[in-house]
Amino acid sequence: MYSSGSKIRFSPTEVKHILIGVILVSGVGLSLFAPHVFSNWFAVVAAVAFFTAGFIIHELMHKAIAIRYGLWAEFRLDIFGALLTMLSAVSPIKIIAPGAVVIAGQTSLDRVGKASAAGPTVNILLALLLFALGQAAVPGGLREAAIAGALINAFMALFNLFPFGVLDGLKIFRWNKLVWIVLFAASALMTALSYMAI
C-alpha cells in the first residue's frame, strides 16, 4: 500500500529499501564507533543505535510531513548513494546517502520546504537530547555513546543543511531563508558543543 491522505503506510518495496538502508548506515556506524574508540561494547552498540535512529527518524519525518500535505512519499534506495555508503564502512571518508524519501503530487515551495526542514530539525532535537543525556550522571559507556550520538546527529543536520544540490538545505533556503539560518546555526552550535564534549 502507498502513502496517501493523513495515514502513514509502508509498501513492501519501501520496507525492503528502509531495511537495506538501516543495514548500510549501521555498518558505517560500526566503522565509526570501533571498540578501540569506546571503553566497552555496550557503548559501541548504543552509539550505533543512536546513529542509525537519527537516519531513520530523519527520513520518516520527511515522509510524515509530506503525507500531512496529501502527497505520496516513500523512501527509496539510490544505487550510487548506497554503494558509496557501503564503501564508507571500510573507508576513512564517510558518506551516508543510501537513499531518500521521494515525494510526488501537487507540491509547492512551501510544502517542499517544510517537508525538507523536518529531517534536520529532528536531528537537531535528537542531538540536544543526547547531549543533555551525556552531561547527566550516567554510566561512562552510556555517556560516551550519548555524546557520540549527539555529534553524529548534529553533523547529519549540518551536512544536510548546506544549500547545494539535492540536499535539504537548498529546498529550505529557497522556501524560507530565516528558517534555514536558524536551523543551520543550531546544527553548527550543537556540532561544536558535542565535539568539544568528546
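The values are calculated or read from the model by the stated rules, or taken from the named source; none is laboratory data. Predicted model, so just to flag it, every value in this text is computed and none were measured. Here Cβ is always computed from backbone atoms with ideal geometry, including for glycine, and neighbour counts include all displayed protein chains.
Remarks
Residue by residue, here is whether (1) over 16 Å from the mean Cα position of the chain (by Cα); (2) in a helix (DSSP H, G or I); (3) buried (at least 24 other Cβ atoms within 10 Å of the Cβ) holds:
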{"position": "A154", "(1), (2), (3)": "no, yes, yes"}
{"position": "V166", "(1), (2), (3)": "no, no, no"}
{"position": "K171", "(1), (2), (3)": "yes, yes, no"}
{"position": "V182", "(1), (2), (3)": "yes, yes, no"}
{"position": "A186", "(1), (2), (3)": "no, yes, no"}
{"position": "L189", "(1), (2), (3)": "yes, yes, no"}
{"position": "Y195", "(1), (2), (3)": "yes, yes, no"}
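- Summed over the stretch 61-80, the residues that are without any contact (Cβ under 8 Å) to a residue 40 or more places away in the chain and among the aliphatic types (A, V, I, L, M) give a count of 1.
- Residue in the stretch 72-96 that is nearest to the chain's Cα centre (by Cα), counting only those that are in a loop (DSSP other than H, G, I, E, B) and surrounded by fewer than 20 Cβ atoms within 10 Å (Cβ to Cβ): I95
- Annotation: of all residues in the stretch 13-52 being in a helix (DSSP H, G or I) and of a type in the set (S, T, Y), the one that is modelled with the highest pLDDT is T13.
- Each residue in the stretch 22-58 was checked for being buried (at least 23 other Cβ atoms within 10 Å of the Cβ) and under 30 Å from S108 (Cβ atoms), and 3 of them qualify.
- Residue in the stretch 101-114 that is touching an Asp or Glu at 6+ places or on another chain (Cβ under 8 Å), modelled with pLDDT under 95 and farther than 20 Å from M196 by Cα present: yes
- Condition check for K7: surrounded by fewer than 18 Cβ atoms within 10 Å (Cβ to Cβ), at pLDDT below 85, closer than 19 Å to V166 by Cα and in contact with a helix residue (DSSP H, G or I) (Cβ under 8 Å, 6 or more places away or on another chain): no
- Any hit, the stretch 69-77, residues being among the acidic types (D, E) and within 20 Å of A154 (Cα to Cα): no
- Pair list, Cβ < 6 Å and 6+ apart or interchain, from the stretch 37-58 residues that are under 19 Å from A73 (Cα atoms) to residues that are in a helix (DSSP H, G or I) and acidic (D, E): none
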